[in-house]
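Just below is one structure, and these are the notes that go with it.
Taken together, the values in this text are just the output of simple stated rules run on the coordinates, not laboratory data. All figures in this text were calculated on a predicted structure; none of them were measured in a lab. Using ideal geometry, Cβ is built from the backbone for each residue, glycine included, and neighbour counts are taken over all protein chains shown.
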Amino acid sequence: MDLAQARKIVEEALSGIEARVEEGRGFIEFIVSKENLVEAASRLKKAGFDHVKSLTVVDYKAEGKFKIVYYVSSYLNEDLAGVIVGIGTEVPRDNPKMPTLVYVWRSAEFQEREVFEFFGIDFEDHPDLRLLLLTPQVAEKRPLRKDFIVKEEPIIRTTPPTG
Amino acid sequence: MPARPVVKRLPARRGLFAGFKGNVDAITIGLKYLVDPKRITLIYPNEYIKLDPGYRGFIVLEPKKCINCSSCARICPAAAMRMIRRMEEDPKTGKKKMKLWPVINYQRCIFCGYCVDVCPTEALYTVPYHDIVYENMAEMDWGLETFVKPPEYPTAKEGIPVKYIVDEEKGLVKVRAEEGEEE
Amino acid sequence: MAGIIDLILSIIFYPPIYQLVLVGLTGSLVVVIFIIWFERKATARVQRRLGPYHIAPRLAGLPQLVADLIRYAFQEVIIPRTADRELFVLAPIVATVLSILPIAVVPLTSNPAYWPIPMDYSILVALALTTVSPIFLIVAGWASNNKFSIIGGVREAFVITAYEMIAIMSILSASAAVLTFNLVEIVEAQRIWYILLNPIAFLAAFLSVLMATSGFPFEIPESENEVVAGPFTEYSGLLYGLNMGAAYMKRFAFSILMVLVFLGGWSPYTPGEGILSGYLIPSLIVVAKAAILMMIFSLTRSIYGRFRLDQALEGAWRLVFPMAVLGFGLALLEAYLGVM
Amino acid sequence: MEGNGGNGGRVYVGNLDKSAKKAKQLVMGKLRIGKAVDWATAFSLWPVHLTTSCCGCEFAATWSPRFDAEQHGALPWVGARQTNMILIEGTVTKKMACAVRVTWEQMPSPKFAIAMGACAIDGGIFYNSYNIVRPWEIIPVDVYIPGCPPRPEAVARAIIELQRKIRKQRVVSKWIEEGWRPDKEYVKPKEDPCSWWRG
Amino acid sequence: MSVWVYGEQKSELGLEGTITRKIEEDLYEVFIGPQHPGSGHMRIIIRIDGDIIVEADPDMGYVHRTMEKLAEGREWIKNVPLFERMAIQDACNVTVSYIIALERILDIEPPPRAKYLRTLLCEINRIAAHLYGFGIFGVFIGHSTMYMWSFADREVMVELAERLTGARLTHSYPIPGGARKDIPQDFPQAARKAVRYFRRRLEEYRKIFLDNPVTRKRLEGVGIIPKKIAAELGVVGPVARASGIKYDARLAEPYDAYDEVEFEVPVFEEGDALARAWVKFEEIKQSLRIIEQAVDWLERHPREAPIHDRFWAKSPPLWKKVFEAEGRVKLLPLMANMKLPPGRAMARSETARGEIIYYVESDGKSTPYRVRIVSPSARNAIVFKYIAPGYKVMDLPTIYGSIDYFPPEADR
């Protein structure tokens, strides 16, 4: 089962919904609009993709949007297990809100809490949207956004060594 | 397909006396090791492991070989190896020239050995011992003078060197390092 | 001047004081220190390592326990503000004293001059006294007002319901076999050691004593992984040292009782007259046998994990209790056949 | 003198601290107990069970049969109340700083701290992370072990150096005399590490 | 507050119809906190009703060392030692999929010798990590001999790794294009001895740990995860394979030399803590087989630099001399700030605790634009919330130890 076959399966599963397809090395992803994300996700679940492997959010500061992709695969259906399919959407940077997919894939619950505290994306009616990893003071700074800068130390050293 | 999943079942409980036989097995194994423990303990201060030269221990600089290219500072993942400016007058031309010398800070060094592997002239080499501890932090931030000579190793003065060889019957066997005969 | 020495000597060798102070306190302290050292070294041997060594390389680390005790003695004793102060301090002290009490009523010689109390109901008195000290573990758990210690205390209460009945029944089976409550007669009747005549009762007693002093398969009240140190989570310094000692002293008291009942007490040696052969040597034999029995107790630490609380209770009631009843039935059968 | 009996009850006690001071002079002065206490504490440094980060693997290897730090008398123990050494293994994050500080304050008094690994000294490979705290900012540290993770012999060497330091500088007997450890000044963390918990 | 609670009596149709019932407030709330022998570097807040856990809420993040944010500021090769610190017991398995993702962006294939060297070290680390898991599992159920024995035998594997790479745990052995060191001369003989020693030793483990009546009673029927629920919760590694899910990253997408070595993936159906222990037990036996095959292959084939020609063809003569003398592959100074072509890649590898997935995006600069890591323990953390309720308080350490949960890897 390589990526081309998987692409056909997913396309005919998402027949009604228009989706932008992007290829990467080792995966394939479908970007749909925010409204029919839940619909696309439940269709994928019926097609056999039964758990979320990784919920990835990339902050494109230049275009002013977040790209949120749920990379899913299958456990129970062996030949779908070899391939990773992404289903995602794009959300503006200023007020990032999107519907939660916890009721479709329960395995996304902890990763959605993590994305909420690192990027500040608010998932509507997520059952238990609390901080997972960070302390409240650090979580306010939304650390994984591109405008939170972590400074590196220069190679040339100014302070004299003490030893 | 070279790898294939194999479905197995847990060993079933073998009737009423399974518990009794299980207890007897566990106790005999325990007593077997009580009688002959096959110890692999290193009695640390009296013996210490003499590691083979490939081991990534403390790092030492040979100033003559160093060409001040600072590639070791660029590759250090923990920003432990950094360059300091040192005004030196060139013996032939007598002019004052500012050179960059690498200096290591063991408060941050993670002993990954990247700097040793990337140095174009093999000016950095690793010393095969690691167990040196400090009581105040300043001693770990080394200057150029301490960086050029290997750190003094207190354990070598107190104990006899020992080596571990992998063995079929006891797993690891302690062997005296120099002569290599059975400890 | 001579009068005073005789006075002191008679006080020391006045049986109840001698037994409580010398065999009880100092004897159990020495045996407890030796047993904890033995337990750590034996477990280390089974686990292919060395155990305490550098403190005295020639003595294989024997003073390690002395060092631990001194450290506990000179460490700061913290009494939390939220704890109930008086009970918090009293509970470990009373638990330690009460766990030694059975030794004070147990005969260590057949020579009537050195019996601490009239001996005709001694086995009942000894068994009754063994049931008193666990209550103060629960009090310690409640007084330190800490969630883990309360759970630990409640678990101690659960475990008492499991082992107490079995311990009493299996040890009493000896008096059923010899048809007397007098420990001295039980010891004298044991030409063949009672353990050979009734191994089932011995096994039941062994398991119930393991449970009483939280030996390894049943280490539930102080099991580290749920309730940090059980009832003693809030204790530090000398109070914790006392608590840890109390568990081992209770085991020492129980093993002396088991030695008298199952292993023939001072059996090879018949005590004669005078202090030395009438009292000192038999009590040394009994204490030595108790130490050996405790060494066997401490071997389970390296072989077994921990039972869950409900599994321990179920195991006790479904397996060990029928064993005790069987032992008692066997004892009655032997009494009927007049074996002893 | 009437002391407060806590919740309402009255407990009559003598002047406790005066008699305690006299007993201390007697014990320390004449009976030379100080040397024995130093020797005893040196040989029974029990580390508390607080794994702060991934150096915990080498902490577990140090007490494994091959390196067996129990030969120096150190036995990893369970609760903070019954131990006298804290071994900080690796990085201390902002959340863990609260746990480290609270555990440090729960431990009874003559207590020592060993910082194990480059992360516990100056942040190691996570030097510029926003979620990291330097342990020497929250508790006074006695011995530092470089390495990431340091070899188990380095941890055993740290225990031996700490033992020598306790016995040579008579740390515990000074603590008994003065009531606090003179060789280590009190470390007050700049901002409260548990603020995120109470907030 | 209404809480998502479902325990033994949940409906068969998986989780869509989750039962919610109001929890009365007077439950006893216990913090199994960061300083607690029953939980590693995390806190589990449990509400108990008597001895039964009604609700368990894992409070993670005590070892969150911000790997993803730091990775965006560091050059490509500096991230290898950074990601290795997630789980230093199996350092090779954790970093090898990051390196495979880089190689997919660079579009290069490491030479076969480098593939076999990486697979060899990955399997040595898998056995070491499984034995570490057994050790901690032994501590959690009070069986200290299991902790001591598995750590004593883990030292054999750590000794082999030290001979091979020069460091005990943090080898940072894979580099883009290959591996850093070739095997020393006496390594194959030592490896075969270790394999024979382990085959005999595992029998004794079964007797004192897996078949010991006390341990067996403690593990059987605890933390049962049925196959449908395991797929729904997305659990990984031994936890999934113990519930009947036939999934392994080495099986689904073979990387390195896993498509040439012959091994089995053990799968059990019971789904309880004992099945998880048995899965790890069988996996150690399979890893021993792989080590033997890898060592035979490496011994038969000639010794040549285990790195891609792109970094080896142009290297100065000193590189070749050092490789002949010590077998050590020196790095080119340009590797310090190597620029990757823009692209996105995803790679997964099977660590001892489950499958780790890297999403790497580069925009042509010398530092990555975004690295997303989902580690196995992060995906297993959901077991606490949904499987622990309904069991007893003393079962929590058993469940914690059986899923081999390692917080530094879960919090990244």
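Give me the orientation-averaged projected area of the Cα convex hull of the stretch D:127-185, in nm², one decimal. Walk me through the intermediate numbers first.
Working: hull surface 21.2 nm².
So the mean shadow area of the Cα hull is 5.3 nm².
Given the options C:TRP37, B:TYR134, A:PRO92, identify the residue whose Cα lies farthest towards the positive end of the charge dipole of the protein assembly as shown (+1 on Cβ of Lys, Arg; -1 on Cβ of Asp, Glu).
Sorting the options by dipole projection puts first B:TYR134.
What residue among C:GLY230, C:GLY274, C:GLY141 shows peak mean-square fluctuation when chain C is described by a Gaussian network model with Cα springs under 10 Å?
So, out of C:GLY230, C:GLY274, C:GLY141, the one fluctuating most is C:GLY274.
Give, in nm to one decimal, the length gained when the segment between B:ALA156 and B:MET98 is fully stretched (0.36 nm per residue of separation minus the Cα-Cα distance).
On the way: separation 58, 0.36 × 58 = 20.88 nm, distance 3.90 nm.
Gain in length upon complete extension: 17.0 nm.
Over the protein assembly as shown, what lengths in whole Å, largest first, do the semi-axes of the equivalent ellipsoid take, defined as the square roots of 5 times the eigenvalues of the alpha-carbon gyration tensor? List each step's numbers first, then the result.
Details: eigenvalues 622, 269, 182 Å².
Its equivalent ellipsoid spans semi-axes of 56, 37, 30 Å.
Points 7 angstrom from Cα along the Cβ direction at C:ILE5 and E:GLU68: gap in nanometres?
8.6 nm
Which chymotrypsin sites (Phe, Trp or Tyr not before Pro) in the stretch A:82-163 sit in a loop by DSSP (not H, G, I, E or B) and have at most 16 other Cβ atoms within 10 Å of their own Cβ? Could you put the intermediate results ahead of the total?
Working: sites: A:TYR103, A:TRP105, A:PHE110, A:PHE116, A:PHE118, A:PHE119, A:PHE123, A:PHE148; in loops: A:TYR103, A:TRP105, A:PHE148.
Those that pass, being in a loop and sparsely packed, are A:PHE148.
Binning at 10 Å from 0, report for chain B what percent of all alpha-carbon pair distances ends up in each bin.
Distribution as computed: 7, 22, 20, 18, 14, 11, 5, 2, 1, 0 percent.
Between C:LEU203 and B:LYS21, what is the spin-label point distance in nm, taking each point 7 Å from the Cα along the Cα→C-beta axis?
1.7 nm
Quote to one decimal, in nm, the extra length available between C:LEU284 and C:LEU319 on full extension: 0.36 nm per residue of separation minus the C-alpha distance between them.
Numbers: separation 35, 0.36 × 35 = 12.60 nm, distance 3.51 nm.
Length gained between C:LEU284 and C:LEU319: 9.1 nm.
Report, to the nearest 10°, how far helix A:3-13 tilts away from the longest principal axis of the Cα atoms in chain A, using its own Cα long axis and a range of 0 to 90°.
Taking the Cα atoms of chain A, the angle to A:3-13 is about 70 degrees.
Once every DSSP H run of n ≥ 4 in chain B is given -39500 (n - 2.57) and the sum is divided by its residues, what mean residue ellipticity at 222 nm do you get, rounded to the nearest 500 deg cm²/dmol? Numbers along the way, then the final one.
Details: 5 runs with 38 residues, N = 183.
The helix contribution divided over chain B gives -5500 deg cm²/dmol.
Kindly express, to the nearest 10 degrees and within the range 0 to 90, the angle between helix A:109-119's C-alpha long axis and the longest C-alpha principal axis of chain A.
Orientation of helix A:109-119: about 40 degrees from the principal axis.
In the stretch E:293-373, if every C-alpha pair distance is counted and binned at 10 Å from zero, what percent goes to each bin?
Percent of pairs per bin, in order: 14, 28, 33, 25, 1.
Among the complete DSSP H segments of chain E, which ones combine at least 20 Å of alpha-carbon extent along their axis with a mean Kyte-Doolittle hydropathy of 0.5 or more? Mind dumping the intermediate values first?
On the way: long enough: E:91-106 (23 Å, 1.33); E:112-140 (41 Å, 0.53); E:144-165 (31 Å, 0.00); E:187-205 (26 Å, -1.16); E:273-300 (41 Å, -0.18).
Result, helices passing both filters: E:91-106, E:112-140.
Before rounding to the nearest 500, sum -39500 (n - 2.57) across all DSSP H runs of length at least 4 in chain D and divide by the residue total; then give [θ] at 222 nm in deg cm²/dmol.
Roughly -10500 deg cm²/dmol at 222 nm, from the helical runs in chain D.
Normalising by the residue count of chain C, find the relative contact order in percent from Cα pairs under 8 Å and 6+ residues apart. Walk me through the numbers on the way to the answer.
Details: 535 pairs, mean separation 84.4, N = 340.
So the answer I get is 25 percent.
Which of the helices in chain C, when you take each full DSSP H run, stretch at least 20 Å along the axis at their Cα atoms and have an average Kyte-Doolittle score of -1.0 or higher?
Values: long enough: C:28-46 (26 Å, 1.29); C:85-104 (30 Å, 1.84); C:147-178 (48 Å, 1.32); C:238-262 (35 Å, 1.41); C:281-297 (24 Å, 2.34); C:321-337 (24 Å, 1.70).
Qualifying helices: C:28-46, C:85-104, C:147-178, C:238-262, C:281-297, C:321-337.
Compute the distance in nm between two label points, each set 7 Å from the Cα along the Cα-to-Cβ direction, one at E:ASP259 and one at E:LEU334.
About 2.9 nm, to one decimal.
Can you give the calculated 222 nm mean residue ellipticity of chain E, where each DSSP H run of n ≥ 4 adds -39,500 (n - 2.57) and the sum is split over every residue, rounded to the nearest 500 deg cm²/dmol? It would help to have the intermediate numbers written out before the result.
Working: 17 runs with 188 residues, N = 412.
Helix contribution divided over all residues of chain E: -14000 deg cm²/dmol.
For chain B, what does the relative contact order come out to in percent, with C-alpha contacts under 8 Å and a separation of six or more?
Details: 242 pairs, mean separation 47.6, N = 183.
It comes to 26 percent, rounded to a whole number.
Binning at 10 angstrom from zero up to the longest distance, how are the C-alpha pair distances of chain A distributed in percent?
10, 35, 30, 15, 6, 4, 1
Seen from all sides and averaged, what is the projected area of the convex hull of the Cα atoms in chain C, in nm²?
On the way: hull surface 76.8 nm².
Taking the Cα atoms of chain C, their convex hull projects to 19.2 nm² on average.
Report, in listed order, any pair from B:LYS65/E:LYS320; E:LYS115/E:LYS314; B:LYS8/B:LYS32; B:LYS174/D:LYS184; D:LYS190/E:LYS69; B:LYS174/E:LYS207 with a Cα-Cα distance greater than 29 Å.
On the way: B:LYS65/E:LYS320 18 Å; E:LYS115/E:LYS314 22 Å; B:LYS8/B:LYS32 31 Å; B:LYS174/D:LYS184 40 Å; D:LYS190/E:LYS69 26 Å; B:LYS174/E:LYS207 27 Å.
Over 29 Å apart, Cα to Cα: B:LYS8/B:LYS32; B:LYS174/D:LYS184.
Counting only trypsin sites (Lys or Arg not before Pro) that sit in a DSSP loop (anything but H, G, I, E, B) with at most 11 other Cβ atoms within 10 Å, what is the longest stretch of chain A containing none of them?
Details: sites that count: A:LYS61, A:ARG130, A:LYS151.
By the stated rule (loop sites, at most 11 other Cβ atoms within 10 Å), A:62-129.
Please determine, in degrees from 0 to 90 and to the nearest 10, the orientation of helix B:18-35 with respect to the longest principal axis defined by the Cα atoms of chain B, where the helix direction is its Cα long axis.
For B:18-35 against chain B, the angle is about 50 degrees.
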